[in-house]
Amino acid sequence: MMKRVFAANWKMNHGPAEAAEFVRHFVAGFAPASDRTVILFPSALALAVAREGLRARPEIKVGVQNIHWEDRGAFTGETSAPIARAAGADYVLVGHSERRHVFGETDEEAGKKVAAGIRAGLTPVLCVGETAGERERGETAAVVLRQLRSGLAQSGRTGVAACLVAYEPVWAIGTGKTATPRDAAEVHVAIRAELRALGGDGAVNVPILYGGSVNQENAATLLAADEVGGLLVGGASLDAGRWCAIART
Ligand code: PGA
């Protein structure tokens, strides 16, 4: 049985004090469970505080929401993968829809970030997903698989097994609209087939998460869909109580 993955993307919310408070509530309400992996993605400046609050719960992981692809240098305002790792991050989100569509991040840049993350010992969560227009034009599979191939292009066959993938339709993020379990399954099955083609047997156990307006009401139904191995949750992960309920699904 593959472990289910529950990942909380706090985006640009929760500073150090709120992160500490959240972690206190969450660990009090969430009993250790060996059948699942829980990952929190706080702001980079709240990561150390979150990690510290989780000292007695090392099975709960933390990650950063973005990295630069270079390991060091004159890149004012950026965070490198080695720095994120040294600060306690285990995971990194790469190619999140907001990085791609608000900050203009390209497929190629996502590929460089995946490679940088792996090099530094982080596990990248490569995010892929189509816009509403792309879905209407019947381009969903082409877009998602192109993002997947580019995201993994610089990491080789073994790199595939070192990642997680998150399918997040852009039109479902923060909108209250979710993919139907059937639509999600269709894309997840296509992603699994592409992962196998790229990474062989090593790709069989790569968790594929669904994200986009997930909440405690729809979590179980989405998790029951074919090849959905976990959830990446934004808005509904900001409250410790709601997050606890989702992570227990
Ligand atoms: P949402 O965000 O759950 O608020 O839709 C998901 C995400 O952006 O990862």
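Only the coordinates and a few stated rules stand behind these numbers; no lab work does. Just so it is clear, the model here is predicted, and its values are computed rather than measured. So basically every Cβ, Gly included, is an ideal-geometry build from the backbone, and we count neighbours across all protein chains shown.
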inquiry  = Kirkwood Rh and Cα-based Rg: tell me the resulting Rg over Rh for the chain, rounded to two decimals.
reply    = 0.94
query = Where is the GNM fluctuation largest for the chain (alpha-carbon springs, 10 angstrom cutoff): Gly212, Gly77, Gly63?
reply = Gly77
query = Taking Cα pairs under 8 Å and at least six residues apart, what relative contact order does the chain come out at, in percent?
reply = 20 percent
ask   = What is the local net charge at Leu152, summed over the other residues whose Cβ is closer than 11 Å to its Cβ (Lys, Arg +1; Asp, Glu -1)?
value = 0
message = Just to check I understand the Karplus step: with θ = phi - 60° and J = 6.51 cos²θ - 1.76 cosθ + 1.60, what whole-Hz values come out for region 64-70, glycine and proline as x?
response = 9, 8, 6, 9, 8, 7, 8
request  = Grab the Cα-Cα distance for Glu217 and Ala132, subtract it from 0.36 nm times how many residues apart they are, and report the gain in nm with one decimal.
outcome  = 28.3 nm
note = The residues Asp90, Asp226, sorted from fewest to most surrounding Cβ atoms within 10 Å, come out as Asp226, Asp90
request  = For region 131-237, just list the percent of Cα-Cα distances falling in each 10 Å bin from zero outward, please.
outcome  = 15, 48, 31, 6
Computed lengthening from Ala86 to Arg72, 0.36 nm per intervening residue step minus Cα-Cα distance = 3.7 nm
message = Give me Met2, Met12 sorted ascending by neighbouring Cβ count inside 10 Å, so fewest comes first.
response = Met12, Met2
Computed E for Ala141/His101 - FRET, C-beta separation, R0 25 angstrom, nearest 0.05 = 0.85
ask   = Going through the DSSP H helices of the chain, which span 24 Å or more along their own axis at the Cα atoms while scoring at least -0.5 as a mean Kyte-Doolittle hydropathy?
value = 181-199
inquiry  = Tell me the mean residue ellipticity at 222 nm calculated for the chain from its helices only (DSSP H runs of n ≥ 4, each -39500 (n - 2.57), averaged over every residue, nearest 500).
reply    = -11500 deg cm²/dmol
task = May I ask you to list the residues of region 210-228 whose amide nitrogen lies under 11 Å from a point 7 Å from Cα along the Cα→beta-carbon direction of Asp239?
result = 216
note = Within the set Pro207, Pro16, Pro169, GNM on the chain using Cα springs under 10 Å gives the largest fluctuation to Pro16
task = Within region 1-40, find all residues whose amide N lies under 11 Å from a label point positioned 7 Å from the Cα of Arg248 along Cα-to-beta-carbon.
result = 29-31
inquiry  = Just to confirm a number: summing +1 for Lys and Arg and -1 for Asp and Glu over residues other than Asp201 whose beta-carbon lies under 15 angstrom from that of Asp201, what do you get?
reply    = +2
message = Using alpha carbons only, how many angstrom separate the centre of region 182-249 from the centre of region 1-31?
response = 17 Å
ask   = Using unit Cβ charges (K, R positive; D, E negative) and no other charged atoms, how large, in debye to the nearest 20, is the dipole of region 1-109 about its Cα centre?
value = 520 debye
ask   = Under 26 Å Cα-Cα from Lys61, which lysines qualify once same-chain neighbours fewer than 8 residues away are excluded?
value = Lys3, Lys11, Lys112, Lys113
request  = Please list, in chain and number order, the residues 5+ apart from Thr37 or on another chain whose amide H is under 5 Å from its amide H, with Hs placed from the backbone.
outcome  = Arg4, Val5, Phe6
Distant-in-sequence amide H partners of Leu93 (H built 1.01 Å from N, under 5 Å) = Val64, Gln65, Asn66, Val125
